[in-house]
Amino acid sequence: MKVIEIFKSLQGEGREQGKICTFIRLAGCNLRCAWCDTSYAWEGGTELRDREILAAVEREGSRLICITGGEPLLQAEEVARLAQTLHVRGYSVGIETNGTIDFRSIQPYAAVCMDVKCPSSGETSNLELLSCITEKDDVKFVVKDNRDLAYMEEVLARHTVPGETIVTPVQGSNVQQIAGYVLDHDLPVRFQVQLHKIIGVR
């Protein structure tokens, strides 16, 4: 499996925000979002066997795992195998995906956070995958402006999402304006800034 890095930090977003978490960042991405903050993971990486990844995870010590990227499901078969192994060993596993690749093979072993791409990203997700979201999963909208927020409203009006819906402002956007929109429109979402960037950890 092509791995960029394995490290321990505080989970900066999602329903596990604020908890100590071990991140497994995989290499490769099929999108090029305009505001991507992990472009160093678009390519490259080091080939690691499962046992090497598991050893690194054990050294970090956290029982909460986040598999991220890049787009981790470009290595879907390997990720499903790793997630299953971690799950069997008692780890709580989450995976962050851009919503372009079917994630159902992962769901028995990991909670999915589907990042629905908004207009400002310059990319699009496969909205049909929203029908696969369960109560243990999350849907995230990274928003820059009112256009993104209006798009999110349209998506939520057309798709029932049983899991948690999270709104996260793009770094450098007008956070107060986005929060105001959420309040004024009484949106059924969790507004969340990226904690790890505020406190200065990766």
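Read-outs: derived from the displayed coordinates by stated rules, not from any lab. Only a predicted model underlies this, so the values are computations on that prediction, with no experimental measurement involved. Note: ideal-geometry Cβ built from the backbone for every residue, glycine included; neighbour counts use all protein chains shown.
Give me the percent relative contact order of the chain, please, defined on Cα pairs under 8 angstrom at least 6 residues apart.
That works out to 18 percent.
Can you give the calculated 222 nm mean residue ellipticity of the chain, where each DSSP H run of n ≥ 4 adds -39,500 (n - 2.57) and the sum is split over every residue, rounded to the nearest 500 deg cm²/dmol?
Result for the chain, helices only: -7500 deg cm²/dmol.
Using the Cβ atoms and a cut-off under 15 Å, what net charge is assigned to the surroundings of Arg63, where Lys and Arg are +1 and Asp and Glu are -1?
Neighbourhood net charge equals +1.
Of the beta bridges DSSP finds with both residues in region 2-199, what % are antiparallel, to the nearest 5?
Bridges in region 2-199 that DSSP calls antiparallel: roughly 25 percent.
Quick check: Cα centre of region 169-199 to Cα centre of region 70-84, how many Å?
That distance is 30 Å.
Just the number, please: Stokes-Einstein D of region 20-85 in µm²/s, Kirkwood Rh from C-alpha pairs, 4 °C, 1.567 mPa s.
Approximately 103 µm²/s, per Stokes-Einstein.
Using the Karplus curve 6.51 cos²θ - 1.76 cosθ + 1.60 with θ = phi - 60°, what ³J(HN,Hα) values do you get for each residue of region 96-102, in whole Hz, with x for Gly and Pro?
Along region 96-102, the couplings run 9, 9, 8, x, 10, 10, 4 Hz.
Where Lys and Arg each count +1 and Asp and Glu each count -1, what net charge lies around Ile20 among other residues with Cβ under 11 Å from its Cβ?
The answer is +1.
Go through region 70-85 residue by residue and turn each phi into a ³J(HN,Hα) via Karplus (6.51, -1.76, 1.60, θ = phi - 60°); whole Hz please, and just put x for glycine and proline.
These are the phi-based 3J(HN,Hα) values: x, 10, x, 6, 5, 10, 4, 5, 5, 5, 4, 5, 5, 4, 4, 4 Hz.
Could you run the Karplus curve 6.51 cos²θ - 1.76 cosθ + 1.60 with θ = phi - 60° over region 176-184 and give me ³J(HN,Hα) per residue in whole Hz, x for Gly and Pro?
5, 5, 5, 4, x, 4, 4, 5, 5
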